[in-house]
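Every number in this text was worked out from the coordinates using simple rules, so none of it is lab data. Here the structure is a predicted model, which means the values were calculated and not measured. So basically every Cβ, Gly included, is an ideal-geometry build from the backbone, and we count neighbours across all protein chains shown.
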Amino acid sequence: MYSIITLQIKLDSIDNEYGRIKNYIDIDKKEAFSRVLNNVKLLIKNKIKLLIRVNFMASKIAEAKESYKKIISLLDGYDLSDVNIYMAPLTDS
């Protein structure tokens, strides 16, 4: 039997922008972020330790802060004691 210690989820953006960036072929772009978020909520409910990495362009720190706040608000009511959400700046190209 396997034992999961921690899972990492990487978010490149939120809402419709997430779907546009990921461009999944089998998931509607408008539904992609909510699908990931619902899976995150399931993992939290099942007490799986999570690292949520939020990527952002270094030149868009204000947008990154708003994304962080929105993620926290979307997870309101969930026990986040086993969840670590952190920001990861990417270099602008």
_So if the hydrodynamic radius of the chain is defined as the Kirkwood radius over C-alpha pairs, what does Stokes-Einstein give as its diffusion coefficient at 20 °C and 1.002 mPa s, in µm² per second?_
153 µm²/s
*For n ≥ 4 DSSP H runs only, could you compute -39500 (n - 2.57) per run for the chain, divide by its residues and tell me the 222 nm figure to the nearest 500?*
-12000 deg cm²/dmol
*According to a simple spin-label model (label point 7 Å from Cα along Cα-to-Cβ), what is the distance in nm between Lys70 and Asn38?*
1.9 nm
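Once you've got the Cα coordinates, tell me which of Lys22/Lys47; Lys29/Lys65; Lys10/Lys60; Lys10/Lys41; Lys29/Lys49 are over 21 Å apart.
On the way: Lys22/Lys47 27 Å; Lys29/Lys65 23 Å; Lys10/Lys60 18 Å; Lys10/Lys41 14 Å; Lys29/Lys49 27 Å.
With Cα atoms farther than 21 Å apart: Lys22/Lys47; Lys29/Lys65; Lys29/Lys49.
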*Can you check what the net charge comes to around Ser81, using other residues whose Cβ is under 11 Å from the Cβ of Ser81 (Lys, Arg +1; Asp, Glu -1)?*
0
*Of Asn23, Asn38, Leu80, which is farthest on the positive side of the dipole of the chain, counting Cα position, with +1 on Lys and Arg Cβ, -1 on Asp and Glu Cβ, and the Cα centre as origin?*
Leu80
_How far apart, in nanometres, would the label points at Leu80 and Asp28 be if each is projected 7 angstrom from Cα along the Cα-to-Cβ direction?_
2.8 nm
*In order through the stretch 13-22: 3J(HN,Hα) via Karplus (6.51 cos²θ - 1.76 cosθ + 1.60), integer Hz, x for Gly, Pro*: 5, 10, 6, 5, 5, 4, x, 5, 5, 6
_Between helix 32-45 and the chain, what is the angle of the helix's C-alpha long axis to the longest principal axis, kept within 0 to 90° and rounded to the nearest 10?_
30 degrees
*So what J values fall out for the stretch 48-58 if you push phi through Karplus, 6.51 cos²θ - 1.76 cosθ + 1.60 with θ = phi - 60°, rounded to Hz, Gly and Pro as x?*
8, 5, 10, 10, 10, 9, 9, 7, 8, 6, 4
*Quick one: what are the phi-derived ³J(HN,Hα) couplings along the stretch 69-80, Karplus 6.51/-1.76/1.60 with θ = phi - 60°, whole Hz, x for glycine and proline?*
4, 5, 4, 4, 5, 5, 9, 4, x, 9, 6, 9
*Please report the relative contact order for the chain, taking Cα pairs under 8 Å with a sequence separation of at least 6, and give it as a percent rounded to a whole number.*
33 percent
